[in-house]
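The numbers here are math on the coordinates, done by the rules we state, and not lab data. From a predicted model like this one, the values you see are computed outputs, not experimental measurements. No Cβ is skipped: glycine too gets one built from the backbone with ideal geometry, and neighbour counts run over all protein chains shown.
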Amino acid sequence: MRTGNPPAAGARGRRLYDFPGGVHPEGHKAVSTGRPIAAMPLLPRYVVALRQHIGEPARAVVQIGERVLRGQLIGRPEGYVSVGVHAPTSGRVVAVEPRPVPHPSGLMDLCVVIDADGEDRAVDLAPLDWHRMDPSALRNRLREMGLAGLGGAVFPSFIKLNPGAKRQIPILILNGAECEPWITCDDMLMRERASEILLGAHVMRHMLGAEQVLVGIEDNKPEALACMAEAAAGSDVEVVGVPTVYPGGGGKQLTYTLTGRKTPSKGLTTDVGVQVFNVGTAYSLYRAVYLGEPLVSRVVTVTGHVGSPRNLEVRLGSPISDVIRAAGGELPGATGEVIGGPMMGFDLHDTSAPITKAVNCVLVRNAEHFPPKPAPMPCIRCGECARACPAALQPYELYWYARHRDFGKTQSYSLFDCIECGCCSYVCPSHIPLVDYYRFAKSEIWAREREKQAADLARERHEFRIFRLEREKREKAEKLAKKASERMDSGAVATDDPEAARKKALLAAAIEKAKQAKAGIRPKNVDDLPADKQREIAAIEARRQQLASTAEPSDTRSPTPDS
Amino acid sequence: MTGSPHIIAQHTSVRSVMLKVLAALIPGTLAHAWYFGPGVWVSLLLCTFFAYTFEALALAMRNQPLKPFLGDGSVLVTAWLLALSLPTLAPWWLYAVGMLFAVLVAKHLYGGLGQNLFNPAMVGYAALIVSFPAYMTQWPAPMDLASHTPDLLEALDLVFAGQGAVSPDAYTAATPLDTLRTQVRAGGDAAAIMLEPVFGHLGARGQEMVALMYLLGGLLLLNYRVIGWHIPTAYLGAVVLTATGLHLLDAGRHADPLFHLMAGGTMLGAFFILTDPVSASATPRGKLIYAGLAGCITVVIRAFGGYPDGVAFSVLLMNMAVPFIDAHTQPKVFGQVGRDRDRP
């Protein structure tokens, strides 16, 4: 079995490396390779999703009723991580509205609905002078032309084609491994359009400044290997057969198999000087550069329980129900559709959803190949999952902690190194849907992160508000105090303000009174008294004077008789 | 509805794992019956009966579905392992008490399948050897050394009706481990003691063939990837190393390593008991530590402890250490640099 990293002998004697884990599910590849790739006939209506790539969705730039041509930009890239979306044929925009899209959530997303006019007229397509173009201008052009990775991740290609200021990308890998069972779109593309793929790779190499181009193809595709090797003959592009083991086509896995370079956890293959592109992406780059054609179609495998399983060149926006019909339609006993392969694909909720750049396979299930999963049993810690894990994780531990919602522990057991390839669930003798537990844990952690960020923001805002209020109060007090002292000091303020002058006079009087009080003269309410009262008071005062002069100097009111 | 993957490997289930383990026990069980008489069938049947009785009772009390859990085969493995660890021809209630501790205490009190910290069969064995040491040392003699070996009917009679008609002395004998221990402590020389017929060719008459059959079954399990190489290799390696060390220090008191491999429960422990995934360490390095220390402890208990065999107690002691070992032996994740991770 696959343990450790003993090198295996590859084609042309290239030393290959054995990544940890992996499984060997039945391939079912021959089912859909019997017929050549055929172009889908023109459909009456296309539903073009504006979010077909990772990142920000494109922004619609067409109005309802507007006439469009094939290749015309209908969605402009919005933000950095975004690419353009184009009309797949000529016709009229009839709606820009949320429609069902192929997404695991089953949610609807904004789409441009185009009624084809049947003429399929294109915008003026001009090849790009890629050799002489400024690299940045070329990348911008590819961004607008909608190029995104067709292996399934649909990451904008122009970003991956930017080597960056400091980074060296000496190795370009074309990924033709296609390790998922049932899927054969890359296989057929390599068999039929090998030289075009290599032309695309040539442009990629130029843009990255890569010294070496490797094409990794699993050895269960001898025809594709032969075609690519033939097309590469005479060049220094190296076509390498790699062992057939799922998930050998994962970017990090293929990089390790071919170069022995381990992509750091949480890092990218570019961290070890390798950039990986799917062969389909290289082909679409060829079409963009050499034909000037934006990304408006891709090869899709339609297989499983259908009349004539095959690969079709499908315009983006074709409803999946039409695509299934073009492959002979679903046979009786079909039990649903999977978008992508059986290991990482997801269930389709609505067959009216369109083909997008991410859809490499429509797999119609039946009970024979996709029997209902048995009821899960308790984990017996057999460790099969750990032996199958290509990331060398301990899935049973992750399961244990995810199940008990100990998300901190799942992170310390490197939950986020999990690529959700499904090997652990595949081998589990207890039939536990392990990957579902990891998805659950990841989404809980993300939700908590968001909550925490929101709470942090709220707390910061609150703290700042308190600070601001206090600062304002303090500033106000300071300003008032300053103003008051200014008024007290400068007469100038008083003269031009009669109210202030009156207040000042009052204040001065009060101060004078206070001074008198301090000097021992006790002001009394003696004005306007009747004469008899005044006389009485005078008599009392006279007696008090007399007493004071005869008494001992111990009066509390005048401790110092001298003063 | 569950997400991807949409397919699972065919023919893998808890049940198929357990059935493979049982199949691998067959050669050893046959050898046992061949060398020690048909009594083993009686103890196997009794243990199986009590295992299912207690399992069903526990599942009913815990409101668990009977069908999937009675059908998973795990309790059958526990029953067989305990039956093969206990002396045959003991009274029926001894097997009942053993299974009670194994199934009710060790398994279901801890939460059932997959939750037990300790190996259930070894908990049953330990409970019996501390409670009924006299019965636990009355092992039937190998057939070619015994003056009389009870046939199946006599065996049933002995187990259910008690030891009335036949004297135990006629069919039981001290095991090689017991003989060596008692005589060495009485001042005998190990090499001389081991010339007695009960020590056979490789260390233990009859038992050595049973041990070799367990080894064969274990290699089958390895071949079919039901178990990995780490635990048996580390365990047997540690038994040999420890026994060799003691033998070199004092050959007069300590037997040679071959004897330790062939006598008692060494082989059963190495391939069938320590490898119980639920109670064993699950990381590669952890397995080496877990089984290696168990091997040392086995020989140390045999040489210095109060019990003739040390397999059960070494397994239970190391079961206890598994959570700690696993937490500190997590392998490096693909692409992580530096030292192996250390767990809090």
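Couple of notes before you dig in:
- Close Lys pairs in chain B (alpha-carbon distance under 26 Å; sequence gap of 8 or more, or different chains): 6.
- Average beta carbon contacts from partner chains per residue of A:408-419, 10 Å cutoff: 2
- All Cα pairs of the range B:11-173, percent lying beyond 25 Å: 32
- Whether the range A:351-393 is rounded, prolate or oblate, judged on the alpha carbon gyration tensor where a/c under 1.5 counts as rounded: oblate
- Each of residue B:233 and residue A:403 was given a label point 7 Å from its Cα along the Cα-to-Cβ line. The distance between the two points is 3.0 nm.
- Likely footprinting exposure, A:136, A:414, A:318, fewest C-beta neighbours within 10 Å first: A:136, A:414, A:318
- Rg and Dmax of the range A:168-262, Cα atoms only, in Å: 12.5, 36
- For the protein assembly as shown, share of DSSP beta bridges that run antiparallel, in % to the nearest 5: 65
- Cα gyration tensor category, rounded, prolate or oblate, for the range A:5-135 with a/c compared to 1.5: prolate
- Take each residue in A:423-431, count the other chain C-beta atoms within 10 Å of its C-beta, and the mean is 6.
- Amide H to amide H, with H built 1.01 Å from N, residue A:23 comes under 5 Å of A:246, counting only residues 5 or more places away or on other chains.
- Cα shape, the range A:302-431, gyration tensor, a/c 1.5 rule: prolate
- Rounded to the nearest 20, the size of the Cβ-charge dipole of the range B:11-173 about its Cα centre is 720 debye, with Lys and Arg at +1 and Asp and Glu at -1.
- Mean residue ellipticity (222 nm) of chain A, computed from DSSP H runs ≥ 4 via -39,500 (n - 2.57), nearest 500: -11500 deg cm²/dmol
- Diffusion constant of the range B:77-165 at 37 °C, which comes from Stokes-Einstein with the Kirkwood Cα-pair radius and 0.692 mPa s, µm²/s: 235
- Scattering profile of chain B at q = 0.07, 0.09, 0.13, 0.15 Å⁻¹ [log10 I(q)/I(0), Debye over alpha-carbon scatterers]: -0.30, -0.49, -1.01, -1.32
- For the range A:86-104, backbone nitrogen atoms closer than 13 Å to the point 7 Å from residue A:443 Cα along Cα-to-C-beta are found at A:104.
- Rounded to the nearest whole angstrom, the semi-axes of the ellipsoid equivalent to the range A:79-213, taken from the Cα gyration tensor as √(5λ), stand at 29, 20, 17, largest first.
- Relative to its Kirkwood radius, the Cα radius of gyration of the range B:12-77 gives an Rg/Rh of 1.06.
- Histogram of C-alpha separations across the range A:374-490, 10 Å bin width, %: 13, 29, 15, 10, 9, 8, 7, 5, 3, 0
- Among A:285, A:505, B:75 the positive-end extreme of the charge dipole of the protein assembly as shown (Cβ point charges): A:505
- Counting neighbouring beta carbons within 10 Å and listing from fewest to most, the residues A:424, A:179 come out as A:179, A:424.
- B:309, A:115 arranged by Cβ crowding within 10 Å, fewest neighbours leading: A:115, B:309
- Unit charges at the beta carbon, dipole of the protein assembly as shown: most positive-side option, B:3, A:25, B:172: B:3
- Per-residue Karplus couplings for the range A:31-44, computed as 6.51 cos²θ - 1.76 cosθ + 1.60 with θ equal to phi - 60°, are listed in order as 4, 10, 9, x, 10, x, 5, 10, 7, 5, x, 5, 9, x Hz, Gly and Pro entered as x.
- Look at the dipole of the range B:175-327 built from charges on Cβ: of B:224, B:186, B:310, the Cα furthest out on the positive end belongs to B:224.
- Calculated SAXS-style log₁₀ I(q)/I(0) at q = 0.19, 0.28 Å⁻¹ - the range A:374-423, Debye, Cα scatterers: -0.62, -1.17
- Residues whose placed amide H lies under 5 Å from that of residue A:52, excluding near-sequence neighbours: A:58
- Looking at the range A:190-328, the DSSP beta bridges with both ends there are about 55 percent antiparallel.
- Cα-based convex hull volume of the range B:175-327 per residue, rounded to whole Å³: 92
- Computed magnitude of the charge dipole of the range A:374-490 (debye, nearest 20; Cβ of K, R +1, Cβ of D, E -1): 640
- Computed helical MRE - 222 nm, chain B, DSSP H runs ≥ 4 contributing -39500 (n - 2.57), nearest 500: -18000 deg cm²/dmol
- Relative to the Cα centre, the charge distribution of the protein assembly as shown, modelled as +1 at Lys and Arg Cβ and -1 at Asp and Glu Cβ, gives a dipole magnitude of about 2840 debye.
- Alpha carbon convex hull of the protein assembly as shown, projected area averaged over orientations, nm²: 75.2
- Within the range A:157-213, all pairs of alpha-carbon atoms sorted by distance into 5 Å bins from zero give the percentages 4, 17, 24, 19, 16, 12, 5, 1, 0.
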